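Worksheet for the structure shown next.
The values are calculated or read from the model by the stated rules, or taken from the named source; none is laboratory data. What you are looking at is a predicted structure, and each value in this text was computed from that prediction instead of being measured. Using ideal geometry, Cβ is built from the backbone for each residue, glycine included, and neighbour counts are taken over all protein chains shown. Accessible surface areas use protein heavy atoms only, side chains included; no ligands, DNA or RNA. Shrake-Rupley method; radii C 1.70, N 1.55, O 1.52, S 1.80 Å.
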Amino acid sequence: MSDNSYNPNNFQNDSQEHANDTNRAGSNFDDAPKNYQDAKKMFPDTDGRRPISFGRKQNKHLKNQEAAFRPTDFHVADFSPADGHNQSFKNPKDVSDLKRNGYKKNKKSSGRPKKKGSKLKLLAKISAWSITIFALGLLAAMAVFFTYAAGAPKITEAQLASENSMQIFDSQGSLIYSGSQQERDYADQSEIPESLMHAVVSIEDRRFYKHHGVDVYRTIGALFSDIKGKLTGHSTGLQGGSTLTQQLVKLSVFSTKASDQTLKRKAQEAWLALKVERNFSKNQILTFYINKVNMGNGIYGMKTAAEYYFGKNLNQLDLSQLAILAGIPRSPVYYDPYTYPNYLKVRRNDVLAGEVAMKYITQAQADKAMAEPVQQGLIPKVEQTENSVSSNLTVNAYAQSVLSEVRKLGYNPTKDGLKIYTAMNSKMQKRLYTVLNGGTGVPWLNGIQAAATVVNPKNGRVLAQVGGRNVTGMFSLNRAVQTNRSSGSTAKPLVDYGPAIEYLNWPTYRTVQDTQYKYPGTNISVHDFDGTFLGNMTMRKAIVISRNIPAIRTLMEVGMTRSSEFLNKLGINIKASQLTGSSAIGIDVSTEQEAAAFSAFANGGTYYKPEYVEKIVTSDGVTHSYEPSGTRAMKTSTAFMMTNIMEGVPKYNGSAPGAEISGLYQAGKSGIVGYADSANQPSGAESDVWFTGYTKNLAASFWVGYDQPNATGNYIPNASESSMPERAYRDFMLTAMQGYDNTDWTAPNTVQKVVKGSVTEYEVKGASWSNGGLPNAYSSSSSSSSKTIIVTPSLSSSSSSLSSSSDSLSSSSSSASSAASSSSSTQTP
């Protein structure tokens, strides 16, 4: 047997040897005898496999033993080949000694307690990574902040001190309307009581005197609030955290809309606040703020509010009243002293409690002020609106239309401190208001209403607008833009004859029929007011004397699709499916729409959407200009031929004799709407009366009627049907046209003149058209009266200046036959 073979005696000797040198054997397992290193020689019966588990886990039946494994515990008597793998160590905890001596177990261990040093290392790593991430985040945030700050607008002392209310100016730059009930009275720093400053600071920014424009504590708090809001789904944008200085910056150069409270805007706001703090003292900043804030009811600035609400100067107000002024700016609507006094009381008490907390006043002073009713000393509201600059009734309708357009442009006129410059001609506006309110002799019926819009045909700018008669309050009903009243026959050039010339190339002398007719697909007969039929006539005559049946027949030949297309190009959005036979003699439209549509006839066929705003200056000092943009609505030939025909309407033998102005080159169309037989109104009564007329420089549309036309007695008698809108148009144009060139329209090169008898007619050059199988109107016996139509006004020159001497209505002679038809002076729907 070799030295390395198993021998109990050898094993025992080795044990004894190592028992004498326990430290060496225990500290270095490699120095142990070879039979310790060779498992097969240690355990030949199990082919080197360990007879017991040497894992870190203790055997269940030995788990309470605590003796450590020592080489001296191995004795021959305790282990023999006969026992084999049934033999086990007396103490399985000795496995730890085997591991220290180089023994490697095959099974993965688990459940061993971690060392304290490992936990500290892990914590150190986490801390290091957290600090690194925080530092990188901070650097990124700083980079974003300074990037945004670089694009911040400039802020000046003038902006900080400027009034924040919306203002509207006319075309000459004169103020015509202000969002403020009263012109702001600016308070110098010496006029502001220290107690008011204390009240403002106590409720708005208690750390005002400690920060430098940005309050880090409030900002962090607001940030957590914003994060919470986003997580809960109730976020309304970046909120809170704003100091008084930041609020001042926002009111001076930024929008106050919630949607504009972006991270970029907040960064710029903070940057500018820091700049303001470097350039102005705390008391100067407070002075700017106190003079700028919205105090409700169209009032800006606390000095103006003191005069408006209490009729006193700031230094005359008591503690309660000063607290009221300090509390209103947070929500001028809900803290309105007139509307929500209970809400205001809670707010006032919060201000007083804040002053106590800041030790500005004693609790006894606060209690006394809280006991005072919030409406004590308050001036009744009815006394406030009598002489306010926001109650300029002359511009009521125009201001409404301006604000509507401003909103469509994306602004908030109630909050953004806008300066809005419009196209209003103030002289025309005042004249129009005077005419519609009975100042010129128009025979207005008792209780009748009226509206009008005046447009510049060359660019679509609205020059004047009045929305009603005898208006008593601002922002009342603007009838000038209502589209729920029928236009009557003013629709005929737009729905019927304009499309006929545009798409069918009808000449002005094309034959149309005034014979018995029923609406297509019905048994409903169509009649004119006189119940007669005039037979064949020219299109010119049918328009000038406004016959209904020819208009409906024309629409049927044009077709609903073409008519709808023509209307849409003129800004009147009516689908083909919405048009019926009766649309030929009336559609729902507004004076604003008609003035703009007829302007396209006046300027040669270009449609301009009616616009009021020329430019807007925002609170940051940036000017936004708005230029009109026209689109081709019809051919120049269509515009000229329709105008040439409608020049005969405002004549003594046309359908609008009351609109005639001697010597003025003008054209237009009248419109009357009657009642249905079931309306139980007198025979011949009318519900709506219109006249829309134009020159090359002005287009004006007038409507007259009752707000409740079906009420008993609310009808327009036939005898006065033409006098009101036509006379109103005439009285207005006599003054409005002063200073404008007075020239007639000239035919474009696409149109050629055709003389029919003594009448000058026009046709599209080289165009083919159909007379519909009808006889020539000039050769028909039924059309003899057509030769009496006035084609061109009799003037001494083609260009003249309209003088005030044309103020009287006259019957000028005509170049045509002096024999007028019996129906030439009548007006029909």
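What about Gly605, is it over 27 Å from Ala450 (Cα atoms) and modelled with pLDDT of 95 or more?
Here the answer is yes, as Gly605 does meet what is asked.
Scan region 510-534 for residues that are touching a residue at least 24 places away in the same chain (Cβ under 8 Å) and surrounded by 14 or more Cβ atoms within 10 Å (Cβ to Cβ) and report the count.
Number of matching residues: 11.
With respect to Glu355, determine if the residue is at pLDDT 95 or above, buried (at least 22 other Cβ atoms within 10 Å of the Cβ) and among the charged types (D, E, K, R).
When the stated conditions are applied, Glu355 passes them.
Any residue that is touching a Phe, Trp or Tyr at 6+ places or on another chain (Cβ under 9 Å), closer than 18 Å to Gly488 by Cα and not acidic (Asp, Glu) - is there at least one of those in region 630-642?
Yes, there is a match, as at least one residue in region 630-642 is touching a Phe, Trp or Tyr at 6+ places or on another chain (Cβ under 9 Å), closer than 18 Å to Gly488 by Cα and not acidic (Asp, Glu).
Do you know which residues across region 706-715 are open to solvent by less than 30 Å² (accessible area, probe 1.4 Å) and either of a type in the set (Val, Ile, Thr) or under 23 Å from Ala584 (Cα atoms) (or both)?
Hit for region 706-715 is Pro709, nothing else.
I'd like the residue in region 538-548 that is in contact with an Asp or Glu (Cβ under 8 Å, 6 or more places away or on another chain) and buried (at least 24 other Cβ atoms within 10 Å of the Cβ) and, out of all such residues, is farthest from Thr490 (Cα to Cα).
Thr538
Would you confirm, using the coordinates I've provided, whether Ile176 is of a type in the set (A, V, I, L, M), at pLDDT 80 or above and within 29 Å of Leu463 (Cβ to Cβ)?
Yes: the conditions hold for Ile176.
Would you mind listing the strands (runs of 3 or more DSSP E) fully within region 592-705 where at least 1 residues are more than 30 Å from Gly447 (Cα to Cα) and open to solvent by 30 Å² or more (accessible area, probe 1.4 Å)?
In region 592-705, the matching strands (runs of 3 or more DSSP E) lie at 606-608, 613-617, 623-625, 630-632.
Name the pairs: first residue in region 563-583 and under 23 Å from Lys635 (Cβ atoms), second residue modelled with pLDDT of 95 or more and of a type in the set (Ser, Thr, Tyr), Cβ to Cβ under 7 Å, at least 6 apart or on different chains?
So the pair list comes out as Lys569/Tyr607; Leu570/Tyr607; Gly571/Tyr607; Ile574/Ser564; Ala576/Thr561; Ala576/Ser564; Leu579/Ser563; Leu579/Ser564.
Here is a yes/no grid of residues against (1) modelled with pLDDT of 90 or more; (2) open to solvent by 50 Å² or more (accessible area, probe 1.4 Å):
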| residue | (1), (2) |
| --- | --- |
| Ser390 | no, no |
| Val402 | yes, no |
| Gly410 | yes, no |
| Lys427 | yes, yes |
| Asn456 | yes, no |
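Within the bounds of region 723-738, is there any residue that is open to solvent by 70 Å² or more (accessible area, probe 1.4 Å) and either small (Gly, Ala, Ser) or more than 28 Å from Leu463 (Cα to Cα) (or both)?
no
Given the structure, is Leu436 under 21 Å from Ala736 (Cβ atoms) and crowded, with 18+ Cβ neighbours inside 10 Å?
Yes; evaluated as a whole, the condition is true for this residue.
What single numbered condition from (1) buried (at least 23 other Cβ atoms within 10 Å of the Cβ); (2) outside any helix (DSSP H, G or I) fails to hold for Ile324?
Result: Ile324 passes all but (2).
Where in region 457-568 are there strands (runs of 3 or more DSSP E), lying fully within it, with 1 or more residues that are more than 44 Å from the chain's Cα centre (by Cα)?
Correct list: 511-514, 535-538.
Show the residue pairs meeting these rules: Cβ distance below 9 Å; 6+ apart or different chains; first residue within region 747-760 and modelled with pLDDT under 95 and in a loop (DSSP other than H, G, I, E, B); second residue open to solvent by 60 Å² or more (accessible area, probe 1.4 Å) and not acidic (Asp, Glu).
Listed by first residue and then by second, the contacts come to Gly757/Lys787; Ser758/Lys787; Ser758/Ser815.
Where residues in region 335-374 are of a type in the set (Gly, Ala, Ser) and either in a helix (DSSP H, G or I) or closer than 21 Å to Asp205 by Cα (or both), which of them is farthest from the chain's Cα centre (by Cα)?
Ala364
Considering each residue of region 708-746, count those that are in contact (Cβ under 8 Å) with a residue 12 or more places away in the chain and outside any loop (DSSP other than H, G, I, E, B), and give that number.
Of the residues in that region, 20 qualify.
Would you mind stating whether Gly663 is farther than 29 Å from Gly531 by Cα and in contact with a helix residue (DSSP H, G or I) (Cβ under 6 Å, 6 or more places away or on another chain)?
Yes; evaluated as a whole, the condition is true for this residue.
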